[in-house]
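Visitor: Submitted below is the structure of interest, expressed as structure tokens.
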Amino acid sequence: MPSSQPRPVAVADISLGWTSTFLRASRAETIKLLSLRFFLVTATGTVLACVLLSWGLTALIAEAHREGKPENAGGLESGSAFLLVLHYGQIGLILLAAWTMHQEADAGSLRSTLVSVPRRSCVLAAKAAVVATGSLCVALPSVFGSAAIRCVPIDCTASGSGLAPDAVTWAILWGVVVYWLLISIFTFALAVILRSGLTAMATVLALALIVSTYLLHITPLAKALPDQAGAQLYQLPPVPPGDLGPIAGGLILLAWSLAALLLALIVFRSQPVRG
């Protein structure tokens with residue numbers, strides 16, 4: 001009499017097979033990404049630019065306050081001015097996330113990847129994991145390096161510094177890291193959906209730097225856009241009336257990223273590739 005037990009074993013084999021394929025694909029994607037000069041230059045440039053600009057801006061703002069000319073500081077406090085630099089630092093992460101698809105999809109070499117790893121869900125998951133890991137590797141030194149170097153021209157422990165090292169400061173810094181991570185994943189997923197890394201890069205950059213700010217003057221619904229919602233993760237307290245706040249803003253950005261990834265999986269599984 002045939003046994004009824006083999007089926008669970010088959011299901012387990014399928015699960016182990018997917019995991020094994022995912023790990024092999026992740027290793028291949030990591031090697032591929034590290035071999036790209038664009039990635040190394042952009043990642044290094046983002047970290048150095050954030051740290052050096054944070055130091056320079058902090059010094060300028062502190063000097064303006066010391067000279068009794070706060071109007072020259074543009075409303076910024078010396079201790080928190082580096083957050084403005086980190087806001088624009090997301091440009092580097094957006095470039096990196098979009099490039100992971102551009103270098104294959106736009107260049108027409110995606111077919112060879114899918115031939116070696118036919119399971120498209122594994123390929124997409126591996127690419128997303130590598131993007132997330134790469135984003136963290138850039139975000140951590142950029143954010144915490146910028147926060148640390150601001151203490152060179154000013155006394156960060158002073159009560160009037162604008163952002164003293166306490167629990168609130170740590171929450172804001174980790175908020176920037178989480179925002180950079182999620183906006184990178186969103187950009188990557190959008191590149192898959194649009195089937196073009198360059199188009200996704202232009203779209204997210206325009207949204208984050210121009211469009212969403214303009215839409216805020218038209219409708220309060222613009223607060224739920226990915227960049228606007230995610231920016232709440234690193235806003236200085238207290239939360240102004242009508243703003244989402246860090247928890248709601250972070251959850252909205254997370255929802256945008258997960259929804260984009262789900263749609264990207266649907267598109268990617270049926271996407272024809274160029275040879």
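Visitor: Has segment 185-198 got any residue that is hydroxyl-bearing (S, T, Y) and more than 22 Å from S142 (Cα to Cα)?
Guide: For segment 185-198, residues hydroxyl-bearing (S, T, Y) and more than 22 Å from S142 (Cα to Cα): present.
A quick yes/no check of all residues on (1) in contact with a helix residue (DSSP H, G or I) (Cβ under 6 Å, 6 or more places away or on another chain); (2) modelled with pLDDT of 80 or more; (3) among the hydroxyl-bearing types (S, T, Y):
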position	(1), (2), (3)
R37	no, yes, no
T42	yes, yes, yes
G45	no, yes, no
L48	no, yes, no
E63	no, yes, no
R66	no, no, no
E71	no, no, no
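Visitor: Which is within 25 Å of V51 (Cα to Cα) and modelled with pLDDT of 90 or more, of I183, I154? Spell out the reasoning first.
Guide: Numbers: I154 fails: modelled with pLDDT of 90 or more.
Matching residue, one of I183, I154: I183.
Visitor: Can I ask one more? Which ranges mark the helices (runs of 4 or more DSSP H) fully within segment 177-268 that have 2 or more residues being open to solvent by less than 30 Å² (accessible area, probe 1.4 Å)?
Guide: 197-206, 226-231
Visitor: Contact list please: Cβ distance under 7 Å, first residue in segment 31-53 and closer than 17 Å to S184 by Cβ, second residue open to solvent by less than 30 Å² (accessible area, probe 1.4 Å) and among the aromatic types (F, W, Y), pairs at least six apart or on different chains.
Guide: Here the result reads L33/F39, each pair linking segment 31-53 to a residue that is open to solvent by less than 30 Å² (accessible area, probe 1.4 Å) and among the aromatic types (F, W, Y).
Visitor: What residue, of T21, T46, is closer than 30 Å to I154 by Cα and open to solvent by less than 50 Å² (accessible area, probe 1.4 Å)?
Guide: T46
Visitor: Which residues, counting only those in segment 63-92, are open to solvent by 10 Å² or more (accessible area, probe 1.4 Å) and within 12 Å of I154 (Cα to Cα)?
Guide: E63, H65, R66, E77, S78, S80 - these are the residues of segment 63-92 that are open to solvent by 10 Å² or more (accessible area, probe 1.4 Å) and within 12 Å of I154 (Cα to Cα).
Visitor: Take the residues in segment 24-38 that are among the hydroxyl-bearing types (S, T, Y) and over 9 Å from C122 (Cα atoms); name whichever of them is surrounded by the fewest Cβ atoms within 10 Å (Cβ to Cβ).
Guide: For segment 24-38, the residue satisfying everything is S35.
The values are calculated or read from the model by the stated rules, or taken from the named source; none is laboratory data. These numbers come from a predicted model, not from an experiment. As a convention, Cβ positions derive from the backbone with ideal geometry for all residues, glycine included, and neighbour counts pool all protein chains shown. Side chains included, ligands, DNA and RNA excluded: accessible areas come from the protein's heavy atoms. Shrake-Rupley method; radii C 1.70, N 1.55, O 1.52, S 1.80 Å.
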